[in-house]
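This report concerns only the one structure given below.
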Number of protein chains: 2
Amino acid sequence: MTRVRVDLFSSLDGYTSSGGTDDNPMGEDWGPLTQAYVATRTMQERVFGDTTGAGTTGADDSYAAAFFEGVGAEIMGAGMFGLHSFGDDPDWKGWWGDRPPFGFPVYVLTHTAPRPSIPMLGGTTFHFRSGAVADVLAEATEVAGGLDVRVGGGIGTALAFLRAGLVDDLHVSVAPILLGRGHQVWDGLRGLELTHAVTTEVAESGTIHITFTR
Amino acid sequence: MTRVRVDLFSSLDGYTSSGGTDDNPMGEDWGPLTQAYVATRTMQERVFGDTTGAGTTGADDSYAAAFFEGVGAEIMGAGMFGLHSFGDDPDWKGWWGDRPPFGFPVYVLTHTAPRPSIPMLGGTTFHFRSGAVADVLAEATEVAGGLDVRVGGGIGTALAFLRAGLVDDLHVSVAPILLGRGHQVWDGLRGLELTHAVTTEVAESGTIHITFTR
């Protein structure tokens, strides 16, 4: 049965990057937040094409691998797709090149002018939707065909789904750093542990993996 | 050599209790924050006099026991001593009864009228100081005689010492709950990992123990 999943990155003080410039859209705090994730064997292979087995294993890699498994559709906000930066360009097709690393339908939430769907190489199709999140989720769930629906981000979109009680599995990767600025990862989620079981685990990198599962 | 130590409790979203009423000075969120700590064998023995060995062991208990070891003096804020609630009472001697569980000099930071020191049973003496925190720390360090100085709280006092770079050892016990309200535990500490080494560890209770050590 389809589950709705969210994966987030946080600092110890509960912040994720609030973004940066068009040249560096994730902002300068994103690197330290995701350092242990990028160092995993899974990411070394997927992003850098390193098939020699380089990269860390253990808990960090287990979560990184799980991120890519069993997803049949994704939902993301307009900002994550790039519409806040390049929305004026009718030919904008996201940050990911001609062959985005999804391989399934991706629903982009936008309140601006509707766009035609964009089929990409490798099985990804971008669809643009302006309806209620629950309706978009229903469509994504049907398309996912029993696989999971991942709410990709950004943080505002993820929190909207979390606060609406639409998320079954939340995984937060907490880097052992203090940012003191950014978007608050946990904003408005008081008592989530009452509806979801919590697990906490520390990887060799010092990263804390927290899951909330319904 | 004397080290300056701080122990704090936090939720996953970085909050500690902002306090409650005079009847329940720590507030209703304090119980869930400290539940795993209170359940330890160390606390069962110290607080409830249970010497049967009841209570949890493991990481939670190791940190609980360490809290009480090697301390030669404590510094606390006026609020923690109770002056914000009972400062009008010249006979107020804190929340801890005739035999407070310190057993060493305790320096209370206060900007209101100075009070004479209060010797208590069991080796605790309360001193009241209105000088700069660095000066109070120097006095406490001398009195500690090579043992550590603990900055006991509340959170505002702890953060003042942390932001001033006066703390050698910070331990934060993070309960696997989301409070969504309270005082921010990590406020103003961006980059503490650049001056202090960080460790993260998960106890069987799900509590995450984070240490920053210089």
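Among the residues of the range A:112-122, which ones are buried (at least 17 other Cβ atoms within 10 Å of the Cβ) and part of a strand (DSSP E or B)?
Listed by number, the list holds a single entry, A:Ile118.
If only one of B:Val174, B:Val167, B:Val149, B:Val143 is buried (at least 21 other Cβ atoms within 10 Å of the Cβ), more than 14 Å from chain A (Cβ to nearest Cβ) and either of a type in the set (Val, Ile, Thr) or assigned to a strand (DSSP E or B) (or both), which one is it? Full working, then the answer.
Numbers: B:Val174 fails: more than 14 Å from chain A (Cβ to nearest Cβ); B:Val167 fails: more than 14 Å from chain A (Cβ to nearest Cβ); B:Val143 fails: buried (at least 21 other Cβ atoms within 10 Å of the Cβ).
Exactly one residue qualifies, and that residue is B:Val149.
Name the strands (runs of 3 or more DSSP E) wholly within the range A:1-111 that hold at least 3 residues that are closer than 21 Å to A:Leu179 by Cβ and open to solvent by less than 20 Å² (accessible area, probe 1.4 Å)? Reasoning before the result, please.
On the way: elements: A:4-11, A:71-77, A:105-109.
Output list reads A:4-11.
Name every residue in the range B:188-210 that is more than 8 Å from every other protein chain (Cβ to nearest Cβ) and open to solvent by 20 Å² or more (accessible area, probe 1.4 Å), in order of residue number. Write out each step before concluding.
Taking the range B:188-210 as the starting set, the residues that turn out to be more than 8 Å from every other protein chain (Cβ to nearest Cβ) are B:194-197, B:203-205, B:209.
If the condition is that a residue be more than 8 Å from every other protein chain (Cβ to nearest Cβ) and open to solvent by 20 Å² or more (accessible area, probe 1.4 Å), then B:Leu194, B:Thr195, B:Ala197, B:Glu204, B:Ser205 are the ones that fit.
Checking B:Thr34 against (1) in contact with an Asp or Glu (Cβ under 6 Å, 6 or more places away or on another chain); (2) away from every other protein chain (no Cβ under 14 Å); (3) within 24 Å of B:Ile210 (Cβ to Cβ), which test does it fail?
(1)
Scan the range B:75-86 and give yes if some residue there is free of Cβ contacts under 8 Å to residues at least 12 places away in the same chain and within 25 Å of B:Asp22 (Cβ to Cβ), otherwise no. Outline the logic, then answer.
First pass over the range B:75-86, keeping only residues free of Cβ contacts under 8 Å to residues at least 12 places away in the same chain: B:84.
Now restrict to residues that are within 25 Å of B:Asp22 (Cβ to Cβ): B:84.
So far as the range B:75-86 goes, yes, one or more of its residues are free of Cβ contacts under 8 Å to residues at least 12 places away in the same chain and within 25 Å of B:Asp22 (Cβ to Cβ).
What is the residue count in the range B:12-31 for residues that are in contact with an Asp or Glu (Cβ under 9 Å, 6 or more places away or on another chain) and closer than 22 Å to A:Leu192 by Cβ? Working first, answer last.
Going through the range B:12-31, the residues in contact with an Asp or Glu (Cβ under 9 Å, 6 or more places away or on another chain) turn out to be B:12-18, B:20.
Narrowing the set further to residues that are closer than 22 Å to A:Leu192 by Cβ leaves B:12-18.
Qualifying residue count for the region: 7.
Just need a number here: residues in the range B:4-51 that are over 18 Å from B:Thr157 (Cα atoms) and modelled with pLDDT of 90 or more.
Residues flagged as over 18 Å from B:Thr157 (Cα atoms) and modelled with pLDDT of 90 or more within the range B:4-51 amount to 20.
Report every pair of residues separated by at least 6 positions or lying on different chains whose Cβ atoms are under 6 Å apart, first residue within the range B:1-20 and more than 14 Å from every other protein chain (Cβ to nearest Cβ), second of a type in the set (Lys, Arg).
That search, which allows pairs on different chains as well, returns B:Arg5/B:Arg150.
Tally up the residues in the range A:156-214 that are among the acidic types (Asp, Glu) and either touching a His at 6+ places or on another chain (Cβ under 9 Å) or without any contact (Cβ under 8 Å) to a residue 12 or more places away in the chain (or both), please. If you could, list the steps in order and put the result at the bottom.
The first filter runs over the range A:156-214 and keeps only residues among the acidic types (Asp, Glu), leaving A:168-169, A:187, A:193, A:201, A:204.
When the remaining residues are screened for being either touching a His at 6+ places or on another chain (Cβ under 9 Å) or without any contact (Cβ under 8 Å) to a residue 12 or more places away in the chain (or both), the result is A:168-169, A:201.
Final tally of qualifying residues: 3.
A:Pro100 is checked against (1) more than 23 Å from A:Glu69 (Cα to Cα); (2) touching a residue at least 12 places away in the same chain (Cβ under 8 Å) and fails just one. What number does that condition carry?
Here A:Pro100 meets the rest and fails (1).
The values are calculated or read from the model by the stated rules, or taken from the named source; none is laboratory data. Values in this document were obtained by computation on a predicted structure and should not be read as measured data. As a convention, Cβ positions derive from the backbone with ideal geometry for all residues, glycine included, and neighbour counts pool all protein chains shown. Side chains are part of the model used for accessible areas, which takes the heavy atoms of the whole protein and leaves out ligands, DNA and RNA. Shrake-Rupley method; radii C 1.70, N 1.55, O 1.52, S 1.80 Å.
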